[in-house]
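So the structure is just underneath, and the comments pick up after that.
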Amino acid sequence: MKTLEINGGKELSGTIRISGAKNSSVALIPAALLADSESTICNVPEITDTDSLCEILEFLGAKISRASESIIIDPTTIENKEIPKELSTKLRASYYFMSALLGKYKSVEMYFPGGCNIGARPIDQTLKSFRALGAIVEEDNNHYKIYADRLKGAHIYLDMPSVGATINALLASVKAEGETVIENAAKEPEVVNLATFLNGMGAKITGAGTSEIRIKGVNKLNGCNTEVIPDRIEAGTYVILGALVGNKLKVDNIIPEHIEMLTLKLKEMGVDMEIGSDYIVTSKTDNLRPVNIKTQGYPGFATDLQQPITALLTQCVGKSTLEETIYENRFQNVPYLQKLGANIEIDNRKIYVTGKTPLTGDRIEATDLRAGACLILAGLKASGKTVVTNVEHVLRGYENIVEKLTEVGADIALNEE
Ligand code: EPU
């Protein structure tokens, strides 16, 4: 097990450069197999989730080379074979291979995907999209066999604006015959990033970033060059860190508009903040005001920033309310924050955080990726030593987190127990 040892209470200053977005990269890598020639994806973060997807591509026979932050994928040698369970279950995004392989070869066999344990994560909307396009879905004990003679464009209405289902519907329909319309689509920037990549290959997609996406099917896609957008969740995490312990901590190489809901909340709290064209500088501010937050799909307050911001809410003077509307089990960080000294009540899908409370270091567990990020922030704020266990979860999504934090003055070390 990997652990992080943090000696907290240090003031952090300098610049943290944000990496390419995990949740874009994990869609772009499988998407590359839809092309009939090589693609280059730039600004891909070196995190275990992108490694796991490259492993699946290599298992299928693709040739992959990595040059600094770029990945070159040659899909011409791919063979469509069943993806083994141990590869499918490593991460949620493995199921983008379901749609990419179905879209290209009209058949796919693999298992139910993995991902953080943050509540039920059904894939019914994805399967509904495949069926709408004419595919037959056979499920047996979490094993899926999905196939079609032909895929025909269809009208797909998503019951909720699911990011994963929108991406899967896009990947499965770009080569279908005729027009597909995805209604109630997710509007996340990662969906736009994927549509831009596919259009670069020759796809005909309009409306990505709105709730109605139209896809005119094409016969052939050619590889192209594309770039991953900056990771808005990594950016948001470090901006929150600046508000906790920063002394002009600059978070650079970002698209501030992508985290506007976060910066609006920070302004409401009274955080000392400067927002530039591609950076944000934050500093620790005394007497922060409490706020009410409710998670929502983009452009609302991101569920992935809900846990990180809880660390900051412990430092607001008064009672903040935080409501999680996307996942049913995304408060597993709370008992550990309480262990550090936070005053938090859980009421079903809401928590009430009353501050300001001093935090004192202790041994705490990263139960999932963003819970881990929250606990690292809390450990950096806390006095004394904090040990965060199970940080494998965090390394799935934050590139070079130890190096980046050390660079700005944190006392933090990665250990193996
Ligand atoms: N849902 C269904 N049926 C479906 C799909 C989703 O009921 O077929 C429900 C889910 O159970 C959940 C909600 O809809 O309650 C939203 O799920 P969504 O499909 O949007 O999430 P996702 O695609 O599984 C992606 C990110 C998550 C991020 C959500 C935000 C990736 C690989 N994952 O998940 O990222 O929280 O969108 O909606 O892109 C993370 O990075 O820590 C992370 C969990």
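The values are calculated or read from the model by the stated rules, or taken from the named source; none is laboratory data. Bear in mind that the values here come from a model prediction, so they are computed numbers and not experimental data. Virtual Cβ from ideal backbone geometry, glycine too; neighbours counted across all protein chains shown. Please note that ligands, DNA and RNA were not included when accessible areas were found on the heavy atoms of the full protein model with its side chains. Shrake-Rupley method; radii C 1.70, N 1.55, O 1.52, S 1.80 Å.
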Kindly provide the helix-only [θ] at 222 nm of the chain, computed as the sum of -39,500 (n - 2.57) over DSSP H runs of four or more divided by all residues, to the nearest 500 deg cm²/dmol?
-9000 deg cm²/dmol
How large is the translational diffusion coefficient of the chain in µm² per second when you combine the Kirkwood radius over alpha carbon pairs with Stokes-Einstein at 20 °C and 1.002 mPa s?
98 µm²/s
Choose one of Gly200, Ala154, Asn141: the residue whose Cα lies farthest towards the positive end of the charge dipole of segment 79-233 (beta-carbon charges +1 Lys, Arg; -1 Asp, Glu; about the Cα centre).
Gly200
Protection proxy ranking, peptides 289-297, 340-348, 353-361, average beta carbon neighbours within 10 Å, highest first:
353-361, 289-297, 340-348
Quick check: pseudo-label points 7 Å beyond the Cα along Cα→Cβ at Glu416 and Asp159, how many nm apart are they?
4.5 nm
Label Asn80 and Asn253 with points 7 Å out from Cα along Cα→Cβ: what is the distance between them in nm?
3.7 nm
Using the alpha-carbon centroid of each, what span in Å lies between segment 149-185 and segment 345-417?
38 Å
Sort 51-58, 379-386 by the packing proxy (mean of other Cβ within 10 Å over each peptide's residues), most packed first.
379-386, 51-58
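With a ≥ b ≥ c the root eigenvalues of the C-alpha gyration tensor of segment 83-197, is it rounded (a/c under 1.5), prolate (a/b larger than b/c) or oblate?
oblate
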Cβ-defined net charge surrounding Thr40, 12 Å radius [Lys, Arg +1; Asp, Glu -1]:
-3
Please work out the Cα center distance from segment 38-68 to segment 190-204, rounded to the nearest Å.
18 Å
Net charge near Ile351: determine it from the other residues with C-beta under 11 Å of the C-beta of Ile351, scoring Lys and Arg +1 and Asp and Glu -1.
0
Assuming a ≥ b ≥ c are the square roots of the Cα gyration tensor eigenvalues, decide whether segment 258-417 counts as rounded (a/c under 1.5), prolate (otherwise, with a/b larger than b/c) or oblate.
rounded
Where only C-alpha atoms are counted, convex hull volume of segment 121-251 per residue in Å³
136 Å³
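Tally Lys and Arg at +1 and Asp and Glu at -1 over the other residues with C-beta under 15 Å from the C-beta of Ser94: what net charge comes out? Show your work: numbers first, answer last.
On the way: positive: Lys22, Lys81, Lys85, Lys90, Arg92, Arg121, Arg396; negative: Asp49, Asp51, Glu55, Glu58, Glu82, Glu86, Glu109.
Residues near Ser94 contribute 0 overall.
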With every protein chain kept in place and a 1.4 Å probe, the residues Arg232, Arg17, Arg121 fall, from largest accessible area down, as Arg17, Arg121, Arg232
Show me the ranking of peptides 79-92, 315-328, 186-199 by mean Cβ neighbours inside 10 Å, starting with the highest.
186-199, 315-328, 79-92
Quote the charge dipole size of the chain about the Cα centre in Debye, to the nearest 20; the model charges only the Cβ of Lys and Arg (+1) and of Asp and Glu (-1).
680 debye
Hey, which of these cross-link pairs are over 21 Å Cα-Cα: Lys22/Lys175; Lys265/Lys319; Lys250/Lys356; Lys22/Lys187; Lys265/Lys339; Lys106/Lys204?
Lys22/Lys175; Lys250/Lys356; Lys265/Lys339
